[in-house]
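Everything on this sheet refers to the single structure shown next.
Bear in mind that the values in this text are calculations on the coordinates, not laboratory data. Since the structure is predicted, the reported quantities are computational estimates derived from the model, not experimental observations. Positions of Cβ are generated from backbone atoms using ideal geometry, with glycine treated the same way; all protein chains shown enter the neighbour counts.
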Amino acid sequence: RDKAILELLYSSGLRVSELVNLEFSHLDFQNRMLRLWGKGFKERIVPFGEEAKTAIEAYLAKGRPHFLKGKRSNFIFLGPSGKPITRQSVWNIIKRYTRKAGIAKNVTPHTLRHTFATHILENGADLRIIQECLGHSDISTTQIYTHITRKALQEAYDRHFPRK
């Protein structure tokens, strides 16, 4: 479950509130797409990565039945009681794995969202595509997520400055 949560947050840029409310009807495995309702109940379609798909499939096959304990639920991610996982539980999962990895930085679900936006921008995605993925109504909100890294700045400079 935890791997599926981390992979999905990173590969889709979901808000933690969107993740905890994710239901089976929102999931299109074949096309690796999520149908979400973000802030203001605005609908959007968001792709997710192959690693996330694999992790979710493993969780659904092996982990989720353990959490269900004979109950039924339309929610994908469940807590120990069989109820939908809470936002706080997701935060705790992230804290546990960042500590385990020896990462001293304060990593939150929003950090994974920011990292998603930064990585796809650095790999050539258009800012408007990122805006759509993140569910921002205003492009200026998206620009906050897309700080320019020193490496990207140096590469752009080397590529475009006429003198070598």
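Tabulated data
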| quantity | calculated |
| --- | --- |
| Contour excess over end-to-end distance, with Cα ends at Glu155 and Trp91 and 0.36 nm allotted per residue | 19.6 nm |
| Scaled radius of gyration (Cα, divided by 2.2 N^0.38 Å) that the chain gives | 1.15 |
| Reach of Lys69 by Cα under 25 Å, taken over lysines that are not fewer than 8 positions away in the same chain | Lys3, Lys53, Lys83 |
| Mean Cα-pair separation over length for the range 2-160, i.e. relative contact order, pairs under 8 Å, 6 or more apart, % | 25 percent |
| Difference of contour (0.36 nm per residue) and Cα-Cα distance, Gln143 to Thr98 | 13.6 nm |
| Charge tally in the Cβ shell below 10 Å around Thr54, where Lys, Arg are +1 and Asp, Glu are -1, Thr54 excluded | -2 |
| Percentage of interatomic Cα-Cα distances in the range 67-164 larger than 19 Å | 62 percent |
| Structure-based [θ]222 nm, the chain - -39500 (n - 2.57) summed over DSSP H runs of at least 4, per residue, nearest 500 | -14500 deg cm²/dmol |
